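Heads up, the thing below is written out as structure tokens.
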Amino acid sequence: MDFVQNFPFISIILSLFSGPLSSVLSGKKAKMVNVAVISIIGVMSAAVLAYVLGSGQEYVYTMGHFPAPWGNEIRVGCLEAFMALFFCVIMLLSMIGGQKEREAEIEKTKQNLYYIMVNLLLSSLLALIYTNDLFTAYVFVEINTISACGLIMIKQNGRTIEAATRYMIMSLLGSGLLLLGICFLYDLTGHLLMSNIQEAVRVLHDTGAYHIPLMVSLGLMSVGLAIKSALYPFHAWLPDAYGYSTLSSAAILSSLVSKGYIFLLIKIFFRVIGFDIVRDSKVINVLFVFGVAGMIMGSVSAIKENNIRRMIAYSSVAQIGYIYMGFGLGTTAGVIASIYHVISHAATKSLLFVAASGITDASAGSTGFFDLTGAGYRNKLAGVAFTVGSLSMVGFPMFSGFISKLLFAQAAVGSTHKMLPTLIALAISTVLNAVYFIKTVIRLYTPLKYVPTENMTHKTDELFTVTMEQQPFKSVALICFILLNLALGLSSEPLIRLIQNGLGMFA
Amino acid sequence: MNGWIILPMLLPAAAGIMLLVSSFLEHLRMTKRIKENTPVIVDEGEKKNLHYLVGIVLAITAVLVVWTAWSGERQLVLFYLMKEIPVYFHVDAVGRLFVTIVSIVWVAAGFYSFEYMKHEGEEKRFFGFYLLIYSVLIAQDFSGNLVTMYLFYELLTLVSMPLVLHNGSREAIMAGLKYLFYSMCGAYMGLFGIFFLYRYCSTLTFLPGGSLNPYLAEGNRGILLTAVFVMLIGFGAKAGMFPLHAWLPAAHPVAPSPASAVLSGVIVKAGVLAILRSVYYVVGVDFLRGTWVQTAWMTLTLLTVFMGSLLAYREPVMKKRLAYSTVSQVSYILFGLSLMTPDAMTGALLHTVFHAFIKCCLFLTAGVFLVQCRKRRADELVGIGKQMPVLLWCYTFASLALIGIPPASGFVSKWYLAKGALEAGVGIFGWFGPAVLLVSALLTAGYLLPITMKGFFPGEEAVVSEEKKEPPKGMLIPILVLAVLAVVLGIMPGGLLRYAGQIASACM
Amino acid sequence: MNAMIMMIVVLLPMLSGVLIPLLPFKNRRQMLIYIEAMVILNSVLVFGMLMNRPEEAFTLFRFTGNLSVSFRLDGLGSVFAGMVSALWPLATLYAFEYMKHEGHEKYFFMFYTITFGVTLGIALSEDILTMYFFFEMLSLVTLPLIMHTLSREAILASRTYFYYMIGGAAFAFIGMIFILTYGTTLDFVPGGVLDLAKIGDKTDVILLVYVLCFCGFSVKTAMWPFSSWLPKAGVAPTPVTALLHAVAVVKTGAFTVMRVTYYSFGTDILRGTWAQYTVMILVIITIVYGCSRALKETHFKRRLAWSTVSNLSYILFGVVIMTPMGLKGALGHMLFHAVMKICSFFCAGAIMYKAGKHYIYELDGLGRRMPKVFIIFTISGMALMGVPGLCGFISKWNLAAAAVESQNLLAYVGVAALLISALLTAIYMLTISVRAFFPGKDFDYSTLRGIEDPNWMMMLSLIVFAAAMFVFGLHSGPVFTMLDEVVAVLK
């Protein structure tokens, strides 16, 4: 066994332990540790990815000395390795971009707590990505939930506490359903390792025995994870959580946390149950309907929003709807499109949040719509970044959003009666996205003197220009995000192939 | 030489444009002067020069035109407007006839207007457009194919509108716009038909009897008939046929009298020519005879004949009365054309000639009443006979001709129309048509003759000045000439009859 | 010629446009000379390219395996590219004079010049994806032009504009996906690329998608019921409305519809179906609707904008007849209308600029003060009406001839609609001229003090266009021979 193969395990352990380690360090040192950990894990994941691509197949890594089916396993294919790498990149950029806000908004004595949460979050994400055991997955889902709650709450004002509470309740509901589902499955199959479960399920399916409990279990797991990842209509916690928490939290939550759950769901579909069985069940259709509804309703709510952060948060609801719609199509192409969208959305949404904070900086900290007038002139980089993000959301060619749209549409054409609703929903959603994003972009570039000021909460002389030198970290983060988006938009072919291979290796 | 065809068109056009440009520049200078508050002086000598110029141009053109028309068969392809569709001139029998009528009327009314326009003003502009219209009419009459004719038909509307709006009053501008839009509407309806004829006839060049392609037409009779009908209504607008006639009573009276004269006398005949050419020389009457199109056409024309006469009878304002009369009389011509027999066509062609001279004469007299006696309404013209006997006699003879009393000219044309109707085999129209014509003749007498009566026999109560004051020679002579023609052509119609008869038989 | 020329003519205006705010010009005159020089240079390159057509395609970059942005020049593209390149330098010249009083010129001309490149990109697109790419980009780069004055009206107008554009693109996207799935290639091939075997019995779905795609691309041509953005966009400076909304943006929409109908879906599958009837009905409604709105409109530029709405549907009418003759008529009108409408807009702009009059009822008697402009305006009005001797008659003739030829009953209705529209056009154009020249006996000319004809830069463009209308009206043979060649590939 090559040393490289240990890396996934090391990543998980490293991040897991650096959590408690941060509790004894000061804020500054904890931050440095955190950055170091993320970077190291990123590099390790890259190495693993190279390794897996080189060998052309996935490998299984046994934890401890107990072989399957009693022991615990990690399974690494190119998709998992890539997701780990990508999550690290996004997390790093989000942390860099949100640094100034963290220092401003979190009490000095509690700064290190933040990094505990982040580290734990990273470890749970990695575990979700790599694990091959269903119960381990559940454990880390819970860790994920708790650290996410912490991330929201750390800013400590009334709004965030309320948001965190709501999040906790909804999330635990989801976890509960997930646990129920897992228990059923365990009962039916007697296994906890995913690959083993799959064999057992196949036998069950072929014989037709215990059909209903199997479907119920599948349903419970799907709904549970759907709640946790804020599928419409279970999204109510999302706008507050993303809208009011500190910047890096919002970025991480929207890009990574919900995606972790989605990734687990994909694993359950492909590796635990088997995609053809899932396709035959009606669960897919339910997900499809909710996904499409989310696409439309999320955008409709966003249009009504006056607070830019909440608007972006509602946009996330819509985007998650896209992903579930992709699942709902019931084809491999649809799942590939969803996975691509996971990646694309992670990149774009964090971009938007960081850019939005740059814009509010130039508007004396206010997030209200009217106060943002002309902010594009005051903070040029943030304005450009926000425009890039918006265009990507709308699906402009050259940006990653276009490729997502393309993949979804192509996948839709494959299936028969879901095709037209999908295409029309895509079209309508594009228009709705355009409405609120482009409206904002136009407002960013409307000079102040052309607008009546009675709606603004700050006087014009309180606003000031923000240049790149004043916010070095944020600017770096923004530039990296923009380049990432363009890279995804212009040369997505290798990535799509990787996803295809990965998915092939998955099952 | 074929190129000669162009000359009579170019000469008046050039002169007309020159006059218009000069008039426009004068106006520009004038508006600048008004800015600086200096008065405007108009030179008497200038006016005389203008008259000489216009008079000479008119005379030369008339001579040229008549010579070009009657000295042999000429044709000319000017250039290709589109692929296979040239701007093409061809002097044929119909063209000769029309061009001669136009020239006679144009010269007569032109000389009349030298005197008349002294009362109206803006002479340069008037004569500029007057000459331009002459040129366009010649071009239309000489046109050898449908597109060329349509080109000049549309141009005719555009250049004749300014004459309607001449006096610049709000009423005139409204009338001018009404004229413009009815004509345009009609022209476009005509164009609709032309599109279909382009496809279903082998050529758009005028050939007696038409050039409809029977194979193509076979499966598409319905649409083709509809297209022709639309075209008839469209071109009929210029000829004042119901339902697109409403512009005529508005536009003709409000124009200066010589303009009204030529509008009623000749310009409406452009519509007649358009219908004549399309029906007889492109589609061919064989296709239309016996169809619903013919029936509808006859109905519309008879309706117009009756309606026009009735409205004329009840109209007190003189010029408007004459305008309604035009509406009615031109539909005599169209009725004749709708019957599609040689005799009816002969009658129609004859009436074209006669009505042109008669109506021109009548309008010119109305002009005299207007400017010399300052009387607009027919019932004001009491005792005119004492003051201007010669004028009133001319008026009377022209009226008699219009009513159709032998041996005046109108009788001959109406005779042929009735004959044609009875022979045509068109069911009840065969006798109903002549009946309507007869009623209309009675009404015509009713609206024309009272002026003669009141003029010569004013009755005891009327206050009438006894002095004789004929209109100036410049105005009287054209009227006299036209009135004489109206009568003489009736007494000796032989040559004209033969000529018209030849045209008719060539087409059927 | 080398295929790289295609990349050059698309990118050159974009690059030179981006440089405008960055280059250190000593004075305004230098900047103007630079801009005009680059535009003329590009137009010359385009004409050179049209005369020595490059044979191969040129790929700019790839998205994924079979999805790339590539250029290829064929007959249809040459017509559009030629038209755009001929008109741009003149329009730019006109804009110089006009923008003197507007301000923020650098950014204006930057986007203006970039639009040139993007429009050429659409003309030269080899496949539907490339065309879609530049189509979206066009919406984006024209947005700042509409927003230019940054008044409240302008901002609202630009928002409406963008929403419509994105909506249209979203539905056009659906069509593109179908071509991707059911077509043998994404490239434009005369006669269409649909693989009939793959479609099987799903023809109704294809037809529905075509209608959606048609409507999507037609939003740019302001077809009913998507018309309202165009008159609103009239709030932009006149050079923008004239060029973009008489030439670039709207004709692009028509061009894309042509490509999709004849070169992607293919008319054989569409002719005679309910899809054709649906789109034809929409087009016919627009023809009459546009003119009716123009008649009721008293704001000068908005009246012309509604006239554009109607005239664009003339072009679309030719397209939906779905025969080569129909396409020929459509292309003819595309060319001639561009000339006529730019001329009218420029006259309107000159009047607004010199006399400050924005509404029709303020124009009484102005004909005496600005005779040259109003004479040219009258000529353009007569051309739009279709008076024989001017180019409008020729294009109408060709459209009607194609309609009659097709023996399609609905097409006959279309011919009637064309003529009704011509009549309405006569009314709404000529009443302006009549007011201007014959304001009535008692009109007081002293109220028009100080107004005069504009200077040579504006007048030159006007005179050139007026001459063009006559030339095309009397000598259209060469143009239509060229168009015959272009559509010959479709037979």
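From least to most packed, judged by other beta carbons within 10 angstrom and beginning with the fewest, C:TYR277, C:TYR445, B:TYR134, A:TYR114 follow the order C:TYR277, C:TYR445, A:TYR114, B:TYR134.
Distance between the modelled labels on B:ASN49 and C:VAL464, one decimal in nanometres: 4.0 nm (7 Å Cα→Cβ projection). For A:GLU73, the residues 5 or more places off, or on other chains, whose built amide H falls under 5 Å of its own are A:MET63, A:ASN132, A:ASP133. Distance between the C-alpha centers of the stretch C:123-172 and the stretch A:283-304? Whole Å please. Spelled out, the Cα-based centre of one part sits 27 Å from the other.
Taking a ≥ b ≥ c as the square roots of the Cα gyration tensor eigenvalues, with a/c under 1.5 meaning rounded and otherwise prolate when a/b beats b/c, else oblate, which class fits chain C? Numbers along the way, then the final one.
Numbers: a/c = 1.78, a/b = 1.29, b/c = 1.38.
Because a/c hits 1.5 or more and a/b fails to exceed b/c, chain C counts as oblate.
The distance separating the Cα centre of the stretch C:321-385 from that of the stretch C:228-243 comes to 14 Å. Proximity of backbone amide H atoms, modeled 1.01 Å from N, is registered between B:LEU81 and B:VAL87 at under 5 Å, excluding neighbours fewer than 5 places apart on the same chain.
Annotation for A:VAL60 and B:THR291: the two label points, set 7 Å from Cα along the Cα-Cβ direction, are 8.7 nm apart. For the stretch C:225-231, 3J(HN,Hα) computed residue by residue from phi via the Karplus equation (6.51, -1.76, 1.60; θ = phi - 60°) reads x, 9, 8, 5, 5, 5, x Hz, glycine and proline entered as x.
Determine the shape class of the stretch C:56-149: with a ≥ b ≥ c the square roots of the Cα gyration tensor eigenvalues, call it rounded for a/c under 1.5, and otherwise prolate if a/b is greater than b/c, oblate otherwise. It comes out oblate by the Cα gyration axes. Of the chymotrypsin sites (Phe, Trp or Tyr not before Pro) found in the stretch A:1-86, the ones in coil according to DSSP and having at most 15 other Cβ atoms within 10 Å of their Cβ are A:TRP70. Under a 5 Å amide H cut-off, with hydrogens placed 1.01 Å from N, C:PHE63 pairs with C:SER68, C:VAL69 among residues at least 5 apart or on other chains.
Each residue in A:CYS88, A:CYS480, C:CYS215 was given a count of other beta-carbon atoms within 10 angstrom of its own, and listing them fewest first yields A:CYS480, C:CYS215, A:CYS88.
Straight Cα distances below 20 angstrom link C:LYS491 to the lysines B:LYS83, C:LYS328, with same-chain residues fewer than 8 positions distant left out. Couplings 3J(HN,Hα) for the stretch C:161-169, derived from phi with the Karplus relation 6.51 cos²θ - 1.76 cosθ + 1.60 (θ = phi - 60°), are 3, 5, 4, 4, 4, 5, x, x, 4 Hz, where x marks Gly and Pro. In a reduced charge model with +1 at each Lys and Arg Cβ and -1 at each Asp and Glu Cβ, chain A shows a dipole moment near 880 debye about its Cα centre. Label reach from A:GLU162 (point 7 Å along Cα→C-beta): in the stretch A:232-261, amide nitrogens under 20 Å belong to A:234-247, A:250. Using a simple spin-label model with pseudo-atoms 7 Å out from Cα toward Cβ, A:LEU486 and C:VAL18 lie 0.8 nm apart. Neighbour counts of other Cβ atoms within 10 Å put C:TYR263, B:TYR52 in the fewest-to-most order B:TYR52, C:TYR263. Taking the Cα atoms only, what angle lies between the long axis of helix C:28-51 and the longest principal axis of chain C, rounded to 10 degrees? So the helix axis and the longest Cα principal axis differ by about 40 degrees.
The mean sequence separation of alpha-carbon pairs under 8 Å and at least six residues apart, normalised by the residue count of chain C, gives a relative contact order of 14 percent.
Charge dipole (Cα centre; +1 on Lys/Arg Cβ, -1 on Asp/Glu Cβ; no other charges) of the stretch A:283-507 amounts to roughly 220 debye. For the stretch C:273-491, a simple Cβ point-charge model (Lys and Arg +1, Asp and Glu -1, everything else neutral) yields a dipole of about 400 debye relative to the Cα centre. For chain A, averaging the sequence separation of C-alpha pairs within contact (under 8 Å, six or more residues apart) and dividing by the residue count gives a relative contact order of 15 percent. For the residue pairs A:LYS100/A:LYS405; A:LYS282/A:LYS304; B:LYS375/B:LYS469; A:LYS110/A:LYS380; C:LYS251/C:LYS357; C:LYS341/C:LYS372, alpha carbon separations beyond 23 Å are given by A:LYS100/A:LYS405; A:LYS282/A:LYS304; A:LYS110/A:LYS380; C:LYS251/C:LYS357. Computed from backbone phi with θ = phi - 60° and the Karplus coefficients 6.51, -1.76 and 1.60, the 3J(HN,Hα) list for the stretch C:64-75 is 9, x, 9, 10, 9, 9, 9, 10, 8, 9, 10, x Hz; x is used for glycine and proline. Calculated mean residue ellipticity at 222 nm for chain A: -24500 deg cm²/dmol, from DSSP H runs with n ≥ 4 weighted as -39500 (n - 2.57), summed, divided by the residue count and rounded to 500.
Roughly speaking, what is the centre-to-centre gap between the stretch A:80-145 and the stretch B:470-505 when only Cα atoms are used, to the nearest Å? Centre-to-centre (Cα) distance: 109 Å.
With a ≥ b ≥ c the root eigenvalues of the C-alpha gyration tensor of chain B, is it rounded (a/c under 1.5), prolate (a/b larger than b/c) or oblate? Cα axes put chain B in the oblate bin.
A short reminder: the numbers here are calculations on the coordinates, not readings from a lab. Note that this is a predicted model, so its numbers are computed, not measured. Note that each Cβ is placed from the backbone with ideal geometry, even for glycine, and that neighbours are counted across all protein chains shown.
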